[in-house]
1. Please go through (1) in contact with a strand residue (DSSP E or B) (Cβ under 7 Å, 6 or more places away or on another chain); (2) surrounded by 13 or more Cβ atoms within 10 Å (Cβ to Cβ) for residue 339 and return the number of the only condition it doesn't satisfy.
2. When region 419-462 is examined, which residues are found to be out of contact with any strand residue (DSSP E or B) (no Cβ under 6 Å at 6 or more places or on another chain), closer than 19 Å to residue 408 by Cα and assigned to a loop (DSSP other than H, G, I, E, B)?
3. May I ask you to verify whether residue 155 is surrounded by 15 or more Cβ atoms within 10 Å (Cβ to Cβ), within 27 Å of residue 193 (Cα to Cα) and out of contact with any strand residue (DSSP E or B) (no Cβ under 8 Å at 6 or more places or on another chain)?
4. What's the number of the condition residue 351 fails, among (1) surrounded by fewer than 12 Cβ atoms within 10 Å (Cβ to Cβ); (2) under 26 Å from the mean Cα position of the chain (by Cα); (3) under 30 Å from residue 258 (Cβ atoms)?
5. I'd like the residue in region 450-466 that is in contact with a helix residue (DSSP H, G or I) (Cβ under 8 Å, 6 or more places away or on another chain) and closer than 13 Å to residue 438 by Cβ and, out of all such residues, is surrounded by the fewest Cβ atoms within 10 Å (Cβ to Cβ).
6. Would you check if residue 56 is surrounded by 15 or more Cβ atoms within 10 Å (Cβ to Cβ), modelled with pLDDT under 85 and either touching a strand residue (DSSP E or B) at 6+ places or on another chain (Cβ under 6 Å) or not in a helix (DSSP H, G or I) (or both)?
7. If I ask for residues that are in a loop (DSSP other than H, G, I, E, B) and within 24 Å of the chain's Cα centre (by Cα), which ones from region 272-306 would you list?
């Protein structure tokens, strides 16, 4: 009988009423003598005792798997027959047993009844909560029989075991790609359908899977939960911490099979391998130029849009990428972190140090294909090649005179504009060019770095030394 405020349940036997009343009082009078677990009915206790006796009385006739309870066998048989008796009334998805349907219905209601007592995180399933709680206590009770790796849950262990057996039971019907884990298949299916179910509430950006959204949200909150135990640096992602830890241990587990160069992470190896294969999969849609790395393409695209997103806070100069800004900031701080081990000279950029080291080793790896002259820098070779091609790409806007080097144009522009930007700090005399100022400063310091090898006479300018050397050789260059 039903009224507006309550439901009246009627029982045909008093025993049934007594059993029902225990659900209200939470009374469980039947206790297991082995593990002290309690039950509302004696039959439930008897079924439970089978788990302690390790007696699997109910065997599957198809795969010979055994079960303690007949109900478990019945559910298992539906896997073979693909029978799904329980349909979701919201989305018509079907399930092989009712408990799974009940869990599924919570996703529609956004109901998460199982709450962590440590961090208040909630879950749809109790098993998920139990696995989560093991993260807090760092408990990993399930060990892999092959490599002894420990896992927090049975599902994680099963997924891990497939790595050893190379079993991939979850197959995509679109592209036939197979996976060891169902959640990995689900992510791929979203890529095929371009379905991005997980949306950021801050910027409305969408993602194919929840873990990507979780990582993205840390950009808004600036949360970095993964901390390095060596230097206390924090990271938003665990994989970034793992890569960082290799810097401390100098562990480079990813080796190139062509040149034996090693890398801290696999993505760097993949990029490096493109140098050997000359593969450039990232193509500019504007000029069709190709790149081995996507970030290089992104920087290149800024050239077309003239977008310089990285601004200097000191002088408002802008840059196409962050690394250029970082180098520029050293000009303001006068920081020169790259030091030569031979002469202790320091540099703003590592590339400048590498070029400088070639002066000590006399290494000239860049050869002219026309005259075989060698150079220590690629830029110097490029300038030299213009002598052969007579190419002068740098044109003066005032007199239309052209130059093969930008530096020569800058010097020429100073003459045309009568601008003398280089000023002596001692006598305030100004100069068109910086090298003229450097020579002038030697007059104040009496520095004479150019020495004659015959008489040990010294000079402040190399040109003066060369003129002096002609006196020894009796050479007359100018007729």
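1. If we test residue 339 against (1) in contact with a strand residue (DSSP E or B) (Cβ under 7 Å, 6 or more places away or on another chain); (2) surrounded by 13 or more Cβ atoms within 10 Å (Cβ to Cβ), just (2) comes out false.
2. At the first step, the residues of region 419-462 found to be out of contact with any strand residue (DSSP E or B) (no Cβ under 6 Å at 6 or more places or on another chain) are 419, 421, 424-429, 432-433, 435-436, 438-447, 449, 452-457, 460-461.
Those left that are additionally closer than 19 Å to residue 408 by Cα: 419, 421, 432-433, 435-436, 438-439.
Of everything in region 419-462, those that are out of contact with any strand residue (DSSP E or B) (no Cβ under 6 Å at 6 or more places or on another chain), closer than 19 Å to residue 408 by Cα and assigned to a loop (DSSP other than H, G, I, E, B) turn out to be 419, 421, 432, 433.
3. Numbers: surrounded by 15 or more Cβ atoms within 10 Å (Cβ to Cβ): yes; within 27 Å of residue 193 (Cα to Cα): yes; out of contact with any strand residue (DSSP E or B) (no Cβ under 8 Å at 6 or more places or on another chain): yes.
Yes: the conditions hold for residue 155.
4. For residue 351, the failing item is (1).
5. Across region 450-466, the extreme among qualifying residues is 461.
6. Values: surrounded by 15 or more Cβ atoms within 10 Å (Cβ to Cβ): yes; modelled with pLDDT under 85: yes; either touching a strand residue (DSSP E or B) at 6+ places or on another chain (Cβ under 6 Å) or not in a helix (DSSP H, G or I) (or both): yes.
Yes; evaluated as a whole, the condition is true for this residue.
7. Selection gives 278, 279, 280, 281, 284, 292, 293.
Per-residue answers, yes or no, for (1) over 22 Å from residue 107 (Cα atoms); (2) within 22 Å of the chain's Cα centre (by Cα); (3) surrounded by fewer than 13 Cβ atoms within 10 Å (Cβ to Cβ):
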position	(1), (2), (3)
161	yes, no, no
166	yes, no, yes
173	yes, no, yes
176	yes, no, yes
179	yes, no, no
182	no, no, yes
190	no, yes, no
201	no, no, yes
208	no, yes, no
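The values are calculated or read from the model by the stated rules, or taken from the named source; none is laboratory data. Keep in mind that this is a model prediction, so the values were computed, not measured. FYI the Cβ positions are ideal-geometry reconstructions off the backbone, even for glycines, and counts take in every protein chain you see.
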